[in-house]
Amino acid sequence: MTPRRTRQAAGLLLALALAADAALGACGSASPGTVSVLASWSGAERAAFQQVLDRFTARTGIQVDFQGTRALSQVLASDIDKGDPPDVAMLPSPGELSDYAQRRLLLPLDDVISPDQEVAYGPQWHTLARVGTEHLYGVPVKADVKSLVWYDPARLTSPPPQNLDLLMALGGGLASPWCLGMEATPTSGWPGTDWIEDILLHQAGPAVYQQWATGRLAWTDQRVRDAWLTWGRLLTGPDGARPVPRSALLTGFGDAGRSMFTDPPGCALEHQGSFIMASYQGYRGLPGGAPVPGRDFRFFRFPGLSGRPEDQPSEVSADLAGMFRDTPQARSLMRFLSTDEAQRIWPGIPGSNAFSVSRNVGGEVYRDDVSKGIATILTSAGMVCFDASDLMPAAMRNAFYRAVLGYLDDPARLDTLLDQLEKIRAGAQADSTPRAAACGG
Amino acid sequence: MSGRASTTALCLRWQRIGLLAGAIAVFVPALLAFQGARDVVGTVGARTSAAILDVTAAQDALARADVAAVASFAGGGVELAGPGQDHQAQIAVASQDLARAAGEQVTGDEGSRALQLVGGLLVEYTGLIEHADAELAQHHDLLGVADLWSATRLLHQDEGILAKLDQLRAAQQDALHRQLSTGWLDRAAALWWALPGLALLALLVVTQAFLRRRFGRAVNPALLLATALVVALLGVASLTLVVRSRLDATSATVASVVLARQTRTSTVDATGRWRLAQLLSPQCAAGCGEVVTAFVRDNSGGPARQVEPSQNTTETQEVAMSLTAAGRNTNLEFLIYAASGAVALLVLVGMQPRFDEYRHRAR
């Protein structure tokens, strides 16, 4: 081979090598990659969240490997033990978010979510999303208000009660005014824990609630005991004449409100979170057809001892996205979830009954006044407190559920139940890591 | 050298190359198909059908465990008997079945996740039964019945344990169907060895005719024997189609066992629901919501029912026998090696004298 041909061959080889390198490099940069997401949603919720993820993929090209499981806590714990956590998980309990943050398994989002995006959430949510630390760990994907009492406006025409005494007197002339269902397999009892939490929050105030929710107040404290007793009086009436509705132990929480819409009604009031709207709207076979928000049901805010209910703190729950792996795709998804665009998608789906805590998600997204009212509570400047049982260690939380069932079965066992809860708190909660902040605002 | 002579030499050479290439073209796909069929028989036997049977057996055991617990609690003496020995035994059986199904890994990550979820739900189910036991032992009857109701719902509701296992079993049956209808067991895949085989036979016939015409020999015995061996080789390869048919029969047996177990589990389940309705009815005289009311109404009719005995062992043996039948003759792989080798050797041996004869004539 002549020197000229050698040079030509070398030049050709170099050109081929550069072309191959460019092609491979282009392949690498052209593939946006995948992000894995773990959540507890299935059915309609999964389909709704999929719309959020589809928009994310359309915007970024990043594919989402979604895993939905009802046993989210077990699956997540198992994946973490195996050293293979998902990139992003949607945690239904701020307690878990706090645990993982304390154990440094969750990654802070301070350099992922820009202050401009964070400011869309009210200051109370800044506190809650930091789960008692200096760093931002969670992005609220959707939230619910729990300090609500639902009623049929056609049957309960008096103004909403302004304090607990007036609430107690409100009965609609029924033998058993409260729609009550405790069955929620496998966590039966939680609807009752919402009652106790709401009463304690409104009766003893956020500071006591915060202490109790984070394991720094004894269950045998008189203020906690009073909350249980108040619940008992609300159910049995001021004079204790009504029997405790023990059948609530077998009644499904989503089924309890149905008799509010029957003719004649079986109950007039239901203490339940904003998510109950989906159950109401799903009732079939009622005389007036499926209940319609505004026409067939409305809510008033759970009142305190005094003062306007609008000024009272609200108990809330939220699904928070947390990042377990620091990848560009995971960062991209977390950033997207915090945007106004993403926050609008789920609440904007008809019948989804999902609520955003972003103040930039305007009332036009919600289709009825009831939903707009709930969104206003979540985005206004008022104080909100996380569901206390969601902040408790699992053993404490499960015992709380059981205690509620035990109390409804036999209210005379209250002191025994509180003693048992206190023993569990002393054993399980006192030794655990510091818990997330319960209230913000 | 004459033109005719050189054409004869060329033809002989190409015929020999063609026959050897044809032998290889039959040997390779026939061997792969045979090995593929044998592997599928092994996989279906050791994993897929076993996993399906394990999951259905777990469903059966869980339904029986639930009935046993309700029966024990309804029968009195709960302080001493608890949920009963039968309940505990059936839970142990179900746990073992699920552990085996997890080990068989038929449906990949999805299956592992489903079993992980079922495992978590099973822990919650047994926890609720323990709570029911504790409450009933302390004469907190309503609490105990509420726990039993929750446990039953956890087992039977739409996203409950049995429904999850149903979904998993359906995915396993889909996997079984795919194993039988794709790869070397796909009936169309037989063309890979059948077409070269037929071409080889045709070439052998053509070669015999050529030798007869050019060399005046009536029959070349070696090529005749090679022809017979190619036919035998194709016969051995066609055993893959027989295996496929037998595996279809096994699949049908598995499906019938699944159906029988579902029917039996459903009967067991109806017995459990009837017993639970008897427990719920007095507790819900004032109403416990639409779900409980409907449950009691739908399950209170008729007399007490008896639980049919399990036939899992017999059914598992039935599937095992079907699998044994499917795997029969899959050890004949050596015949493919032997027949293919012999065909190649006979082609060489059968054609070499004609090459020698041609050279002799040419000189």
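The values are calculated or read from the model by the stated rules, or taken from the named source; none is laboratory data. As the structure is a computational prediction, the values presented were derived from the model and not from experiment. When we count neighbours, we look across all protein chains shown, and the Cβ atoms used for this are built from the backbone with ideal geometry, even at glycine. These accessible areas exclude ligands, DNA and RNA; they are computed on the full protein's heavy atoms, side chains included. Shrake-Rupley method; radii C 1.70, N 1.55, O 1.52, S 1.80 Å.
Which residue fluctuates the most in chain A, going by a Gaussian network model with Cα springs under 10 Å, if the choices are A:156, A:136, A:128? Answer for the Gaussian network model of chain A: A:156. Of the trypsin sites (Lys or Arg not before Pro) found in the range A:58-108, those in coil by DSSP whose Cβ has at most 15 other Cβ atoms within 10 Å are A:82, A:103, A:104.
Which percent of Cα pairs goes in each bin when the distances of the protein assembly as shown are cut into 20 angstrom slices starting at zero? Reading the bins upward from 0: 13, 35, 27, 14, 8, 3, 0. With Cβ to Cβ distances under 15 Å as the rule, what net charge do the other residues near residue A:328 carry (K, R +1; D, E -1)? Value of the local net charge: +1. The share of accessible area on chain B that comes from carbon and sulfur is 61 percent, using a 1.4 angstrom probe. Here the average projected area of the convex hull drawn through the C-alpha atoms of the range A:133-212 stands at 8.4 nm².
Solvent exposure of the range A:108-195 amounts to 34 Å² per residue of accessible area, where only protein heavy atoms count and the probe is 1.4 Å. Comparing the full protein assembly with the isolated chain, the residues of the range A:63-77 losing at least 50 square angstrom of accessible surface (1.4 Å probe) are A:67, A:70. When nucleic acids and ligands are ignored and a 1.4 Å probe is applied, residue B:264 ends up with an accessible area of around 10 Å².
Cross-link reach is defined here as a Cα-Cα straight distance under 26 Å, omitting same-chain residues fewer than 8 places apart; for residue A:372 the lysines meeting it are A:142, A:146. Summing charges over all other residues whose Cβ lies under 13 Å from the Cβ of residue B:58, with Lys and Arg as +1 and Asp and Glu as -1, gives -1. Taking each residue as 0.36 nm, the span from residue A:58 to residue A:284 lengthens on full extension beyond its C-alpha to C-alpha distance by 77.6 nm.
Projecting the Cα atoms of B:232, B:134, B:173 onto the dipole axis of the range B:3-362, where Lys and Arg carry +1 and Asp and Glu carry -1 at the beta carbon, places B:232 farthest toward the positive end.
Measuring r between the beta carbons of residue A:229 and residue A:77 and using R0 = 45 Å, the FRET efficiency lands at 0.75. Accessible area ranking (1.4 Å probe, heavy atoms, ligands and nucleic acids excluded), largest first, for A:182, A:383: A:383, A:182. On a per residue basis, the convex hull of the C-alpha atoms belonging to the range B:3-362 measures out at 143 Å³. Residues of the range B:141-172 that bury at least 50 Å² of accessible area once all protein chains are present, compared with their chain alone (1.4 Å probe, heavy atoms only, ligands and nucleic acids left out), are B:142, B:143.
Remark on the range A:245-265: accessible area falls by at least 20 square angstrom from chain-alone to full-complex state for A:246, A:247, A:249, A:250, A:251, A:255, A:258, probe 1.4 angstrom.
Counting only Cα atoms, the range A:77-197 measures 58, 37, 23 Å along its principal axes, largest extent leading.
Which residues does the label zone of residue B:256 cover in the range B:164-182, counting backbone N under 19 Å from a point 7 Å along Cα→Cβ? Flagged as within label range: B:173, B:177.
In the context of the full set of protein chains, residues of the range B:3-362 present 44 Å² of accessible surface per residue (probe radius 1.4 Å, heavy atoms only). Rounded to the nearest 10 degrees, the angle from helix B:312-327 to the longest Cα principal axis of chain B is 10 degrees. Within the shell of other residues whose beta carbon sits under 13 angstrom from the beta carbon of residue B:316, the net charge comes to -3, with Lys and Arg scored +1 and Asp and Glu -1. Each residue of the range A:298-309 was assigned a 3J(HN,Hα) from its phi angle through the Karplus curve 6.51 cos²θ - 1.76 cosθ + 1.60 (θ = phi - 60°); the sequence is 9, 10, 10, 7, 4, x, x, 5, 8, x, 6, x Hz, with glycine and proline shown as x.
Once you reduce the range A:140-174 and the range A:316-361 to the center of their Cα atoms, the two points are 30 Å from each other. As a calculated quantity, the FRET efficiency between residue A:105 and residue A:134 at R0 = 30 Å, using C-beta atoms, amounts to about 0.95.
Split the accessible area of the range A:128-236 by element, probe 1.4 Å, and carbon with sulfur accounts for 51%. The listed peptides A:417-424, A:145-152, ordered by packing as a protection proxy, come out as A:145-152, A:417-424 (highest mean of other Cβ atoms within 10 Å first).
Of interest is the spacing of the C-alpha centroids, which for the range B:166-187 and the range A:207-238 amounts to 57 Å.
Once the Cα atoms are used to define both axes, helix B:141-156 deviates from the longest principal axis of chain B by about 20 degrees. Interface between chains A and B: roughly 2300 Å² of accessible area buried, both sides summed (probe 1.4 Å, protein heavy atoms only).
Each label point was placed 7 Å from the Cα along the Cα-to-Cβ direction; for residue A:84 and residue B:241 their separation is 4.3 nm.
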